[in-house]
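Working notes, structure below.
The values are calculated or read from the model by the stated rules, or taken from the named source; none is laboratory data. These numbers were taken from a predicted model, which means no experiment stands behind them. Cβ: placed from backbone, ideal geometry, glycine included. Neighbour counts: every protein chain shown. The protein model used for the area step is the full one, side chains on, heavy atoms only, and it has no ligands, DNA or RNA in it. Shrake-Rupley method; radii C 1.70, N 1.55, O 1.52, S 1.80 Å.
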Amino acid sequence: WQIWLPDMASLKREFDVDLTYYCVMNYADTAGEALDLNQTVKQQAKTVTYDEAFRGRFLTERSARFLSQNEIGFHGYNHNPMVKSNWADSSELMSAAVSASQEIWNAMADAPQPRSFVPANNEFDATGISLVSRAFPTISSVCGLYTRGDYARGQQREFGPEPFLSGLFHLPRETWGY
């Protein structure tokens, strides 16, 4: 944040553009288990509540001021792609994770509901995008990859209606991994 955030603020001013930052709700829950907002997680060699960890990542005074002028988008529950086969109990566990994401957002994000979704690991399927859309009806666009990957996993998409859910617009992108 110390280098990247000032650079982004400078680009925003120079080009008069709005920016979107994408938020993963719970990196600590790699297994996709039920979330307790009072659970503790390890963060930089100390134990904190999940609430403290989330707020520490996204809501420091400096980042909160900058984020308040831009959109915070949805990037998933725990960075496990929203693809049914990636979840141990398939759609049931995936549905619980999306519901937990909505609960976390409402309790902690202090931001308007997201308008866009970038799929974790650039993958999603029809079940996953349907669950995301139901939990966050404000999402109107999906920003998946354009030139690589598996179409059945939400990749190689053109500009236009999202094939898995035509009420969403697919806004492809070509960057990832940083």
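Here is a yes/no grid of residues against (1) touching a residue at least 12 places away in the same chain (Cβ under 8 Å); (2) in contact with a strand residue (DSSP E or B) (Cβ under 9 Å, 6 or more places away or on another chain); (3) basic (K, R):
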| site | (1), (2), (3) |
| --- | --- |
| T138 | yes, no, no |
| S141 | yes, yes, no |
| L145 | yes, yes, no |
| R148 | no, no, yes |
| G154 | yes, yes, no |
| E158 | yes, yes, no |
| P161 | no, yes, no |
| S166 | no, no, no |
| E174 | yes, yes, no |
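Quickly run through the range 140-167 and pick out the residues that are out of contact with any Leu (no Cβ under 7 Å at 6 or more places or on another chain), of a type outside the set (G, A, S) and open to solvent by less than 10 Å² (accessible area, probe 1.4 Å).
Once the filter is applied, which keeps residues that are out of contact with any Leu (no Cβ under 7 Å at 6 or more places or on another chain), of a type outside the set (G, A, S) and open to solvent by less than 10 Å² (accessible area, probe 1.4 Å), the range 140-167 yields L145, R157.
Residue-by-condition table, conditions (1) open to solvent by 50 Å² or more (accessible area, probe 1.4 Å); (2) at pLDDT 80 or above; (3) assigned to a strand (DSSP E or B); (4) of a type in the set (S, T, Y):
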| site | (1), (2), (3), (4) |
| --- | --- |
| A31 | yes, no, no, no |
| V41 | no, no, yes, no |
| V48 | no, no, yes, no |
| F66 | no, no, no, no |
| N78 | no, yes, no, no |
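If I ask for residues that are among the basic types (K, R) and part of a loop (DSSP other than H, G, I, E, B), which ones from the range 123-162 would you list?
Matches in the range 123-162: R148, R157.
Quick one: how many residues across the range 168-178 are of a type in the set (A, V, I, L, M) and either open to solvent by 20 Å² or more (accessible area, probe 1.4 Å) or modelled with pLDDT under 80 (or both)?
So the count comes out to 1.
Among (1) part of a loop (DSSP other than H, G, I, E, B); (2) under 11 Å from the mean Cα position of the chain (by Cα), there is one condition A88 misses while meeting the rest; what is its number?
It fails just one condition, (2).
Pick from the range 169-178 the residues that are within 16 Å of the chain's Cα centre (by Cα) and assigned to a strand (DSSP E or B): which of them is nearest to Q113 (Cα to Cα)?
The extreme case among them is H170.
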